[in-house]
1. Ignoring ligands, DNA and RNA, please state the percent of accessible area on segment 20-157 from carbon and sulfur, probe 1.4 Å.
2. Where does the charge balance sit around A304 when Lys and Arg score +1, Asp and Glu -1, over other residues with C-beta under 12 Å from its C-beta?
3. Please list, in chain and number order, the residues 5+ apart from F59 or on another chain whose amide H is under 5 Å from its amide H, with Hs placed from the backbone.
4. Mean separation of Cα pairs under 8 Å and 6+ residues apart, divided by the residue count of segment 1-140: what relative contact order is that in percent?
5. Which net charge results for the neighbourhood of C195, defined as the other residues with beta-carbon distances under 12 angstrom from its beta-carbon, given Lys and Arg at +1 and Asp and Glu at -1?
6. Only Cα pairs within less than 10 Å get springs; with that Gaussian network setup on the chain, which residue of R115, R235, R207 has the largest fluctuation?
7. Excluding D285 itself, what net charge comes from residues whose Cβ is under 15 Å from its Cβ, given Lys and Arg +1 and Asp and Glu -1?
8. Output wanted: per-residue J couplings in Hz (rounded whole) for segment 270-277, from phi through Karplus 6.51 cos²θ - 1.76 cosθ + 1.60, θ = phi - 60°, x for Gly and Pro.
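The values are calculated or read from the model by the stated rules, or taken from the named source; none is laboratory data. Just so we're clear, the structure is a prediction, and the values are computed from it rather than from any experiment. Backbone-built Cβ (ideal geometry, glycine too); neighbour counts: all protein chains shown. Note: accessible area is taken over every heavy atom of the protein model, side chains too, but ligands, DNA and RNA are not part of it. Shrake-Rupley method; radii C 1.70, N 1.55, O 1.52, S 1.80 Å.
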Amino acid sequence: MSTTNEPATLRGKHLLGIADLTPEEIVLILDTADAMKEVGSRAIKKVPALRGRTVVNLFFEPSTRTRTSFEIAEKRLSADTLNLAVASSSVVKGESLADTVHNIEAMSPDMIVMRHASSGACEFLSRICKSRIVNAGDGMHEHPTQALLDAYTIRSHKGRIAGLKVAILGDLLHSRVLRSNLLLLRKLGAEVWVCGPPTLMPPGIERYGVHPTTSVDDAVRDADVVMMLRIQLERMQGLFFPSLREYFSVFGMTPERVALATPDAIIMHPGPMNRGVEIDSAVADAPNSVILEQVSNGVAVRMAVLYLLAGGSEA
Ligand code: CP
């Protein structure tokens with residue numbers, strides 16, 4: 001599944017963030033996802049790569065796309081999967097994360113896929129667990145598999161990442177998707193513009209080597225990729241802009257604004273979308289929107305990550 005000059009597997013035992021991956025490892029994951037996508041197109045969508053391995057999905061925050069696509073990916077690789085329903089677990093009785101995970105580990109899983117509201121929760125788990133840890137989103141830190149599936153989707157449309165102008169707009173401050181995407185896109189050589197209100201601009205974002213702006217027109221002009229981010233009201237404890245209506249009028253992605261991008265630009269959004277807030281329905285549902293394709297590609301990319309972390313054997 002690998003081509004020459006690429007590593008045959010990942011160096012690390014865990015996938016905690018894009019920050020830990022080399023450009024070669026990112027390309028290896030994307031190339032492996034190509035092979036996994038082919039598995040998903042078969043009548044029998046299953047390979048024995050993770051037969052006999054147990055994967056626990058531990059989601060402490062809501063999820064539609066990430067949780068279901070990890071579960072589908074695990075099943076397609078023939079793993080035994082378990083979803084811990086946190087809301088009906090002993091977490092609600094006050095059991096700590098460490099105790100919860102030590103008890104799960106007593107049942108000998110091989111991998112734990114975790115989403116948690118606290119930044120660094122997956123790194124903490126990797127220090128106290130024997131299992132391999134996959135970060136499915138930790139607080140405002142990273143969401144590495146989202147960035148990988150975004151890169152896979154971009155590459156499948158544009159044939160490359162290097163040299164593309166990628167505009168990322170929306171709630172930059174609270175977005176783990178942003179952080180993972182900035183790291184990945186810069187490692188692979190994209191030119192990245194980020195745009196949002198000054199109150200939602202992370203301090204020091206220039207250190208990622210990106211172009212920050214509050215002008216939607218400047219961000220979108222001649223962009224090859226326009227990626228919208230959700231306004232994360234659940235993480236806002238104060239007013240970051242006067243009203244949702246005003247936010248949409250200044251920063252919402254409309255067909256008129258998309259017209260500034262290159263004629264073959266693609267529209268992306270990690271979901272869930274706030275239609276009429278960060279994105280107009282006419283843009284979300286346009287022919288150049290690849291939003292549902294991102295979701296489809298998530299299965300292949302997560303299969304690739306699980307397969308490579310397991311050692312890349314028996315596919
Ligand atoms: N993109 C994403 O993480 O979506 P979910 O919250 O539904 O998993």
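1. 53 percent
2. -1
3. The answer is L84, V86, R115.
4. So the answer I get is 25 percent.
5. Details: positive: R221, R257; negative: D171, D217, D218, E278.
With Lys, Arg at +1 and Asp, Glu at -1, the neighbours total -2.
6. Looking only at R115, R235, R207, the biggest GNM fluctuation is shown by R207.
7. Summing Lys/Arg as +1 and Asp/Glu as -1 gives -2.
8. With the stated coefficients, segment 270-277 comes to x, x, x, 8, 9, 5, x, 10 Hz.
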